[in-house]
1. Per DSSP H run of at least 4 residues, take -39500 (n - 2.57); add these up for chain A, divide by its residues and hand me the 222 nm value, nearest 500 deg cm²/dmol.
2. Quick one: Cα centre-to-centre distance for region A:151-201 and region A:32-59, in angstrom?
3. Take the Cα coordinates of the protein assembly as shown, assign each an equal point scatterer, and use the Debye formula without solvent to give log10 I(q)/I(0) at q = 0.09 Å⁻¹.
4. Nearest 20 debye, what's the magnitude of the dipole of the protein assembly as shown about its Cα centre given +1 on Lys and Arg Cβ and -1 on Asp and Glu Cβ?
5. Sort B:229, A:203 so that the residue with the fewest other Cβ atoms within 10 Å of its own Cβ comes first and the one with the most comes last.
6. Restricting attention to region A:147-220, which trypsin sites (Lys or Arg not before Pro) occupy a DSSP loop and are surrounded by at most 11 other Cβ atoms within 10 Å?
7. In the protein assembly as shown, what percentage of the DSSP-assigned beta bridges are antiparallel, given to the nearest 5?
8. Given C-alpha coordinates of region A:99-224, what is the ratio Rg to Rh with the Kirkwood estimate of Rh?
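Values quoted throughout were computed directly from the atomic coordinates according to the rules given, and no laboratory measurement underlies them. Predicted, not measured: the structure shown is a model, and the values here were computed from it. In this analysis, Cβ positions are derived from the backbone assuming ideal geometry, glycine residues included, and neighbour counts consider all displayed protein chains.
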Amino acid sequence: MRPLDIAYMWELVPVIAGYIPLTLFMAVIAMVAALVLAALLAIVRVLKIPVLDRVVAVFISFFRGTPLLVQLFLFYYGLPQMLSFLTSIDGVTAAIFGLTMHFSAYMAESIRGAILGVDRSQWEAAQSIGMTQGQLLRRIVLPQAARTAAPTLMNYFIDMIKSTSLAFTLGVTEMMGAAQKEAAGSFLYLEAFLVVALFYWAIVELLSVGQRRMELHLGKAVAR
Amino acid sequence: MSCEIDIAGLVKRFGGNTVLNGIDLCLKPGERVAVIGPSGTGKSTLLRCLNFLDPPDEGRITIGDLSVDAARAGKADMLALRRRTGFVFQNYALFANKTARDNIMEGLTTVRNWPKPKAEERAREILQQIGLGDRGDSYPSALSGGQQQRVGIGRAMALDAELMLFDEPTSALDPEWVGEVLDLIRRIADGRQTMLIVTHEMQFAREIADRIVFMEGGRIVEQGPPAQIFGNARDERTRAFLRRVG
Ligand SMILES: Nc1ncnc2c1ncn2[C@@H]1O[C@H](COP(=O)(O)OP(=O)(O)OP(=O)(O)O)[C@@H](O)[C@H]1O
Ligand SMILES: [Mg+2]
């Protein structure tokens, strides 16, 4: 057994920290895009819009039914072989795209559940005063569904941050990619991967604190 | 006097089940009509068809200068009808994410595009009328059943609808709150608001209604002034029903 090279780990801290912005950038962009897409998918499913509903069901099933890594490889290495205009796409864009698709499928299901959780009679009341479907979704149903779905969506965001580490398999140097490169140079794999693990852990813990605060706040708002 | 509201040959089917089997009904301006009848007879369905919550299959609905042929009604007809009919739900159905005031204002700002100050002013008046002048900022979850139903009525009042539809507005209430809600409806009726009210409160129906409509099996069996229906119904089915409900 050899002792951990603590000094080397300290040296890595600023190196890995330098890639936090890229990791967060990918996670935040993919999260926002996935939220929008998921809301649209959920609405299509709830309103049972003909044809689209079937397409969306297959989309959700596919992206929940296959591994994220496989999806990323499909987008980055696979698709450009057929669609040549995709050849110029960089790893970061492909990773954001893949994360968006993958997580929107999961998030659509929880948003759909939250929408269905809004009492049917509120839909009818909104219709009875003459609101259009768009108005009643935007003003009555979605705000309430968002509240119900928020904790689950927050969990997906945490999951999303960890999943950005897969971007390194597309040649992106983010936190994981940086650790991998360092380790390959120093052969101190344990130290490098331990540092990057601690970084992910710290970020997730910070977010969990935020999440608990948010839940308390939402709980209060509902109990009012 | 001619009909302000004219319902002609209204038919509604759910699958193979014909729930409304040709309803004809004429309401004069300011007329208050109470609909009574056994459970499962289509009373709620009639009200819901008039508001297009359940689109009717056949028949014609005329409200003032708006006339809609059910078989051919499009989205625009549906919205136009809804703007002329206020609906009060049995279970209040308030918007849980909005305060009492915002529940009342929602139709004015979102549907009618009123500027906010004007809608607020109107909401203030209505809150006074429903006796909740100081509860405008309360969310539904903080209101009693009776208060919630009064907001539900206020929301329908805000539409200034030609026809107000009440579907058993007190059935879901604890007995202690029934009185205040009936009082409010009585005041609205006193203002000669044209209304169609489905109720199990026979005494109340007798008091406020100009006319009682007795329905059974998706048809209007008999109708007439309260004194006639309650005192001297012609049809045996009406008499049997009234004996049952006491
Ligand atoms: N959405 C629906 N789908 C299928 N059947 C329905 C639907 N709504 C109502 N019905 C049926 O239509 C019939 C009439 O129902 P409705 O609710 O209008 O009766 P009601 O007279 O209001 O009864 P109650 O006094 O119990 O409220 C019932 O047999 C009911 O099962
Ligand atoms: Mg009913």
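1. -25500 deg cm²/dmol
2. Cα centroid to Cα centroid, the span is 31 Å.
3. -0.74
4. Values: 49 positive and 46 negative charges, 109 e Å.
Here the protein assembly as shown has a charge dipole of around 520 debye.
5. On the way: B:229 26, A:203 18.
Result, fewest neighbours first: A:203, B:229.
6. Counting only loop positions with at most 11 other Cβ atoms within 10 Å, none of the trypsin sites (Lys or Arg not before Pro) in region A:147-220 qualifies.
7. Numbers: 22 of 38 bridges.
For the protein assembly as shown, the DSSP antiparallel bridge percentage is about 60.
8. Numbers: Rg = 20.6 Å, Rh = 17.6 Å.
Result for region A:99-224 is an Rg/Rh of 1.17.
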